[in-house]
Amino acid sequence: MIKVKPKPKAAPKAKDVKSPLNPSVTVKVYDIPIEDIILSDDNPNEQDDRTLDGLVQSIQTDGFCEPVQVIPFEGKYKMVSGEHRFKALRLLKWKFIPAVIQHNWTDTQRKIGLVKYNQLRGKMNPQKFTKLYNELAKEGVDRELLKAQMGFTEKDAFEKVYKNISNALPARQKKQLAEAKEKIKSVDDLSSV
């Protein structure tokens, strides 16, 4: 039997919004029903309740300033970036969430986006990050391209990920990672420890 992928529901009309980072760039932002969003089980970014509470308060005070990113998935939308904003809006009982839909992205591009857009926020779960990185490498994504797309071409970005992973590990694994630090010069090295 052939499994037919359901098409996503027709998205609401898009609003053209100027990028806050580059006003010469315009993006299409859709208001998507919150119940149509599926969270990614493989998101390596974690946030504690206290930080989530702070995000809720920030949205109540300052408003919702940055749309989430999603891809069409089995008639709904799968989260790429913005899980914590999504959770905050759900707590605030919003019915819709402003989103940029990456219509042409593959699941591989979604996985790359999970790391690329989430490495600067929250705390990286080392097991999920390593699993995701290794999956992408096994899918045939060129490791140098993968590192560049994930933002690991600059030493400070790599050091931030190393520090986040180290801080998230139990004491015994943290000690093993510290002992291997001299050998760790890349994401490949980090994912193999």
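The values are calculated or read from the model by the stated rules, or taken from the named source; none is laboratory data. Small disclaimer: the values here were computed from a predicted structure and weren't measured. Ideal geometry is used to build each Cβ from the backbone, glycine not excepted, and the neighbour counts take in all protein chains shown. Only protein heavy atoms, including side chains, enter the accessible area calculation; ligands, DNA and RNA are left aside. Shrake-Rupley method; radii C 1.70, N 1.55, O 1.52, S 1.80 Å.
Structural remarks
- Take the conditions (1) open to solvent by 60 Å² or more (accessible area, probe 1.4 Å); (2) modelled with pLDDT under 80; W94 misses just one of them, which is (2).
- Residue within the range 29-38 that is touching a residue at least 12 places away in the same chain (Cβ under 8 Å) and surrounded by fewer than 12 Cβ atoms within 10 Å (Cβ to Cβ) present: no
- Residue match in the range 80-90 (condition: open to solvent by less than 70 Å² (accessible area, probe 1.4 Å), at positive phi and modelled with pLDDT of 85 or more): yes
- Total residues in the range 71-115, condition in a helix (DSSP H, G or I) and either of a type in the set (D, E, K, R) or touching a Cys at 6+ places or on another chain (Cβ under 8 Å) (or both): 7
- Members of the range 48-68 found to be open to solvent by 30 Å² or more (accessible area, probe 1.4 Å) and in contact with a strand residue (DSSP E or B) (Cβ under 7 Å, 6 or more places away or on another chain), listed by number: F64, P67
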